[in-house]
Amino acid sequence: MKSVPTKKTHVLGAALFAAALALPSYQTAFAEATPEHGNVSFKYLNYRDSQPGQDRIGVNAYTTSIMMPFAGKWSVTSSYTYDSVSGASPVYHSTITQDMVSGASVISEKRNAGDISLTRYLEKGSWTFGVSYSGESDYISRGYSLQRSLLTDDKNTTLTFGGSYTTDTIDAWKKSVFDTKEVVAGLFGITQILTKEDIVQLNIGYSNGVGYFSDPYKYADSRPRRRNITTFLTRWNHHFDGSDGTGKFSYRFYTDSYDVKAHTLSAEYVQPLHNEWTLIPSLRYSSQSAAYFYKPVNSVQEPPPISIGPYSVDQRLAALGALTYGIKVEKKLAHEWTVDLKLEQYEQTFNGDAGLAPFSYRSIQLGVSRVL
């Protein structure tokens, strides 16, 4: 995850935020009518990653969001996130050793991010326009998105079309890097209600990016200045009448021009309990192939000069597999309040590069929300 000697919160913070906003959010066939009520929520996230014998990056993130319907056919949604990142990580590959300490640094960075979207609900569908911003000391990202959804006459099928444009500015003055990056993305999705218990969805996404994709804080990191990404995502939700629970299953295939190919399988089960409690266990498995320019540990005697062309020793570009498991508990309170607690653990199950140290992280998320 975070393997740079860096003040680069955008590797873990802004990059994740931008990834979430890189395409317009999908809407299911159940979300095409004007909401009857608004809602407001607050989330706190504590994240810590580690490798054998060393704690690495820690993150504290605070997010506030609100959604409000107005004028009968409109709604506005907005969120704000503040996070702080601290820790230390190596110059290259995955292990901090004594002779590498001079190349590692203590990270202390803060990020502010926000987004706002406006939705117009129609008789058979909706339009949504959104803007986003994420800023820290050396990285600024701005995004714009537009999404159109269409319902069939029987309202059992929803078609979704969307596009987005993201522009980033990199100003890592300590590394003498001043550059930009632009990404144009598109999305097509179809959501189908099969029965009263089943709903399925297929999303196809494509993005084309040009500019600076390297990590200025990773020694000798030099990546191609163009990156194309294609994704296929399928979802299936099934309601079990006997238990009144709902299973949520998905598969995602990812491929890009770096020759990275990734597969992600996930499953989640939502089980209502007595006295307004809900239990939600989850499991996710992911695997990926290595980027064509990734250099394994054993092939690197010392970092090469930057001028050799595409090159990276960033652990995140190696071939790997990982298992993530979690549990979430929700409780509805009086006056439309809901509180929730989610615990998640990530463990790498294999590394394609045998020289890499195993990597893991854990996260704790606490939330509270209220219907307005």
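Restricting to the range 326-337, count the residues that are part of a strand (DSSP E or B) and either over 26 Å from the mean Cα position of the chain (by Cα) or within 17 Å of LEU45 (Cβ to Cβ) (or both).
Count: 7.
Before we move on, is VAL313 closer than 23 Å to ARG56 by Cα, surrounded by fewer than 18 Cβ atoms within 10 Å (Cβ to Cβ), modelled with pLDDT under 95 and of a type in the set (A, V, I, L, M)?
No; evaluated as a whole, the condition is false for this residue.
Testing ASP168 on (1) out of contact with any Ser or Thr (no Cβ under 7 Å at 6 or more places or on another chain); (2) within 30 Å of SER222 (Cβ to Cβ), one condition comes back false. Which one is that?
Result: ASP168 fails condition (1) only.
Restricting attention to the range 234-270, which residues are within 24 Å of VAL313 (Cβ to Cβ) and of a type in the set (Phe, Trp, Tyr)?
Residues satisfying the conditions are TYR254, TYR258.
With ALA354, ALA334, ALA319 as the choices, which residue is loosely packed, with under 14 Cβ neighbours inside 10 Å and closer than 30 Å to SER222 by Cα?
ALA354
Quick one: would you say VAL40 is touching a helix residue (DSSP H, G or I) at 6+ places or on another chain (Cβ under 9 Å), more than 30 Å from VAL300 (Cα to Cα), among the aliphatic types (A, V, I, L, M) and modelled with pLDDT of 75 or more?
The answer is no for VAL40.
For (1) out of contact with any Asp or Glu (no Cβ under 6 Å at 6 or more places or on another chain); (2) modelled with pLDDT of 90 or more; (3) more than 25 Å from LEU159 (Cβ to Cβ); (4) among the basic types (Lys, Arg), each residue gets a yes or a no:
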{"position": "THR64", "(1), (2), (3), (4)": "yes, yes, yes, no"}
{"position": "THR81", "(1), (2), (3), (4)": "yes, yes, yes, no"}
{"position": "THR97", "(1), (2), (3), (4)": "yes, no, yes, no"}
{"position": "THR128", "(1), (2), (3), (4)": "yes, yes, no, no"}
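Here's a check for you: in the range 147-157, which residue that is surrounded by 15 or more Cβ atoms within 10 Å (Cβ to Cβ) and touching a residue at least 60 places away in the same chain (Cβ under 8 Å) is farthest from ALA185 (Cα to Cα)?
By that ranking, first place goes to LEU151.
Across the range 271-302, which residue is surrounded by the fewest Cβ atoms within 10 Å (Cβ to Cβ) among those that are among the small types (Gly, Ala, Ser) and within 14 Å of ASP314 (Cα to Cα)?
SER299
The values are calculated or read from the model by the stated rules, or taken from the named source; none is laboratory data. Just so it is clear, the model here is predicted, and its values are computed rather than measured. Reconstructed Cβ throughout: ideal geometry from the backbone, glycine too, with neighbour counts over all protein chains shown.
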